[in-house]
Amino acid sequence: MNIVVYAHSMELGGSQFNAIEIGQATQALGHNVLLLAEDGALSPIAEKAGLEHIRVSTRRSRPSPGVMSSLTRLVEQRGIDIVHGYEWPPAVDAWLGPHRVLGTPVMATVMSAAVAPFLPRSMPLVVGVDLLRQRCLDDGFQSVGLIEPPVDVHANSPEFDGLGFRASLQLAPDTTLIVVVCRLVRELKLEGLLVACRTIGRLAAEGRSVHLAIVGDGPARAEVEAAAGAANAMSGTPVVSLLGELQDPRPAYASADIVLGMGGSALRGLAFGKPLIVQGEAGFWKLCDPTTVSQFLDAGWYGLGGGEDGGDALRGALEPLMSNAAQRQHLGGFGRQLIVDRFSLESAARTQVSLYEKAISQSARAKAGEIARVSWGVGRHYVRRRLARAFRLPTPADDFNALKRQRQ
């Protein structure tokens, strides 16, 4: 098959990593994969993966009529069998572009916690959590596949050397290093990052030898910098480091004593054999262990608390691990085995190929009514965003995770 994988962006993020890694593994199975994406921090990783990278502008609208047209030409010129959009804007570009014009099969993967309500119900969909898969079927989507966020268990493993990363932070040997790798965005991530900074600052002020390394960048950087500065001032010494975006974050995972995270970042932490505390919203923090893992396997690597601050929950999860290296090692081994057994990249690629084959065999041209519904839904979404900005109201998020909070 000739496949176009259209990534949402090339910033550090789980969806983008999945697009590249599954694309590479699919190509290894004998298929030709073209990566359509902007330039960004993950571009060198895509190049190393051996994927042909076709650039789109970072200044495009989302969705983009220009990309729809250029993608349609690409499909014609290269004999593309299927276009695979990661997250809703690329999927809509592909569906209103080559699918509408040429009838080319299109598939969408949504790794967010909720699916845009205006996506066409006839377009094959892939999600990462079975609970969301069932919900999408209930909402009328005709074909919904499940691929839990995969991890390259060979490239991400306890054997990876992270000593250089730890040395760069100039930490004492007995310092507990806590690592979080994520995009610095307000939706989903910011609340937990601010809580983590405050909690580490308080622990350090009490005399605990602890350090938080935050790897990532994004529009909420200023807020995170301020929280890191407050934590360092509270403790009287640098205990929170904001390190920016790393092209290869593996040294950070490998050097950690404890990983904080959600989604794909949480799974990568487990792959490195590290104990994981899952971050959510509304005060949610929970240690992943044999008694809690079923919750995350069923509903995703995320959670909602009761609206409290979250500092006590994070501290309660951290303190037993900080004082017990044997427990950290035990939980690290448990997590690594879970990833190897259930989340291998090779298994995900084989599932993805079978979903491509099914989508191609069942593809039918979009109907006029569905085209109108999708176009109206996208337009309504962006009108709401513009009005919110104009009146300085909370701006609706592009990833629709608020829908999940409303339905829980």
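Let me confirm something: among 119, 125, 132, which residue is without any contact (Cβ under 8 Å) to a residue 60 or more places away in the chain, buried (at least 20 other Cβ atoms within 10 Å of the Cβ) and of a type in the set (A, V, I, L, M)?
Within the list 119, 125, 132, the selection yields 125.
Go through the residues of segment 141-158 one by one and say whether even a single one is over 29 Å from residue 84 (Cβ atoms) and either of a type in the set (Lys, Arg) or not in a helix (DSSP H, G or I) (or both).
yes
Need at least 1 residues that are under 22 Å from the mean Cα position of the chain (by Cα) and over 23 Å from residue 361 (Cα atoms) per element, so show me which strands (runs of 3 or more DSSP E) inside segment 34-129 make the cut, counting only ones lying wholly within it.
52-55
Just for segment 155-204: of the residues that are touching a Lys or Arg at 6+ places or on another chain (Cβ under 7 Å) and of a type outside the set (A, V, I, L, M, F, W, C), which one is surrounded by the fewest Cβ atoms within 10 Å (Cβ to Cβ)?
Filtering segment 155-204 for residues that are touching a Lys or Arg at 6+ places or on another chain (Cβ under 7 Å) and of a type outside the set (A, V, I, L, M, F, W, C), the one surrounded by the fewest Cβ atoms within 10 Å (Cβ to Cβ) comes out as 158.
Of all residues in segment 301-334, count the ones that are at pLDDT 95 or above, over 27 Å from residue 149 (Cα atoms) and not in a helix (DSSP H, G or I).
1
Name the single residue, out of those in segment 54-69 being of a type outside the set (Val, Ile, Thr) and buried (at least 19 other Cβ atoms within 10 Å of the Cβ), that is nearest to residue 375 (Cα to Cα).
First, the residues of segment 54-69 that are of a type outside the set (Val, Ile, Thr): 55, 57, 59-66, 68-69.
Within this subset, residues satisfying the condition of being buried (at least 19 other Cβ atoms within 10 Å of the Cβ) are 63-64, 68.
Numbers: 63: 10, 64: 12, 68: 13 Å.
If we take residues in segment 54-69 being of a type outside the set (Val, Ile, Thr) and buried (at least 19 other Cβ atoms within 10 Å of the Cβ), then 63 is nearest to residue 375 (Cα to Cα).
Does residue 311 fit the bill of being surrounded by fewer than 20 Cβ atoms within 10 Å (Cβ to Cβ), in contact with a Ser or Thr (Cβ under 9 Å, 6 or more places away or on another chain), of a type in the set (Gly, Ala, Ser) and more than 12 Å from residue 262 (Cα to Cα)?
Criteria met by residue 311.
When segment 1-20 is examined, which residues are found to be modelled with pLDDT of 95 or more and part of a helix (DSSP H, G or I)? Can you show your working first?
Initial filter on segment 1-20 (modelled with pLDDT of 95 or more): 1-7, 19-20.
Selection gives 19, 20.
The values are calculated or read from the model by the stated rules, or taken from the named source; none is laboratory data. Predicted model, so just to flag it, every value in this text is computed and none were measured. For neighbour counting, all protein chains shown are included, and Cβ atoms are generated from backbone atoms with ideal geometry for every residue, glycine included.
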